[in-house]
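> What follows is a structure written as structure tokens; I'll ask about it next.
The values are calculated or read from the model by the stated rules, or taken from the named source; none is laboratory data. The structure displayed is predicted, hence computed values, not measured ones. Don't worry about glycine lacking a Cβ; one is built from the backbone with ideal geometry, like all the others, and counts go over all protein chains shown.
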Amino acid sequence: DITAVVTDLENRLSDMDIGGLLGLWFQSLFVGLTMNILSICIMLVVYGRLIEIYLVTSLGPIPLATIGNSEWRGMGQGYLKSLFALGFQAFLIMVVTGIYAVLIQNIALDGDVSGAIWGCMGYTVLLCFCLFKTGSIAKAVFAAH
């Protein structure tokens, strides 16, 4: 509930001088632009991974048909490794976003407005980095290259 957190925000802002307010305005402008860029990046990563999961799953009958043949079995096994890696990647995406939600909840308890703005941006940059790394982590765990 944002109203419970920022009850005395107006009083804190009225106590600041003009230099502090201009600094806070510049910080919030910079962080706002950066957060918009990061949110677009995060959405592209998540939607791209979901489309990748759908495409790999839709092509399943072709490599799975090779599992019965002893000469072509490696293709089917490689497909299953990559399919399990994609499933694990989706699980890692859910874990990372859950951790992000918990970290963001604790930001509002801070009394410093500037620190809360930069903390939120830092956690969002961390989320973006972790989302990029989920693919390589999942492929490394299942040895699916």
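> So, in segment 93-115, of the ones that are of a type in the set (A, V, I, L, M, F, W, C) and at pLDDT below 80, which residue ends up surrounded by the fewest Cβ atoms within 10 Å (Cβ to Cβ)?
Going through segment 93-115, the residues of a type in the set (A, V, I, L, M, F, W, C) turn out to be 93-96, 99, 101-104, 107-109, 113.
Restricting the remaining residues to those that are at pLDDT below 80 gives 107-109, 113.
On the way: Ile107: 16, Ala108: 14, Leu109: 8, Val113: 17.
The extreme case among them is Leu109.
> Next question. Considering every residue within segment 35-51, establish whether at least one is in contact with a helix residue (DSSP H, G or I) (Cβ under 8 Å, 6 or more places away or on another chain), part of a helix (DSSP H, G or I), among the hydroxyl-bearing types (Ser, Thr, Tyr) and surrounded by 12 or more Cβ atoms within 10 Å (Cβ to Cβ).
So far as segment 35-51 goes, yes, one or more of its residues are in contact with a helix residue (DSSP H, G or I) (Cβ under 8 Å, 6 or more places away or on another chain), part of a helix (DSSP H, G or I), among the hydroxyl-bearing types (Ser, Thr, Tyr) and surrounded by 12 or more Cβ atoms within 10 Å (Cβ to Cβ).
> Sticking with this one: Mind telling me which of the residues Ser114, Ser136, Ser70 ends up being among the polar types (S, T, N, Q), touching a residue at least 60 places away in the same chain (Cβ under 8 Å) and out of contact with any strand residue (DSSP E or B) (no Cβ under 9 Å at 6 or more places or on another chain)? Walk me through how you get there before you give the answer.
Values: Ser136 fails: touching a residue at least 60 places away in the same chain (Cβ under 8 Å); Ser70 fails: touching a residue at least 60 places away in the same chain (Cβ under 8 Å).
That would be Ser114, the only listed residue that is among the polar types (S, T, N, Q), touching a residue at least 60 places away in the same chain (Cβ under 8 Å) and out of contact with any strand residue (DSSP E or B) (no Cβ under 9 Å at 6 or more places or on another chain).
> Among the residues of segment 20-73, count how many are under 23 Å from Thr124 (Cα atoms) and over 27 Å from the mean Cα position of the chain (by Cα).
1
> Further question: Among the residues of segment 120-134, is any farther than 30 Å from Glu10 by Cβ, at pLDDT 85 or above, charged (D, E, K, R) and over 20 Å from the mean Cα position of the chain (by Cα)?
no
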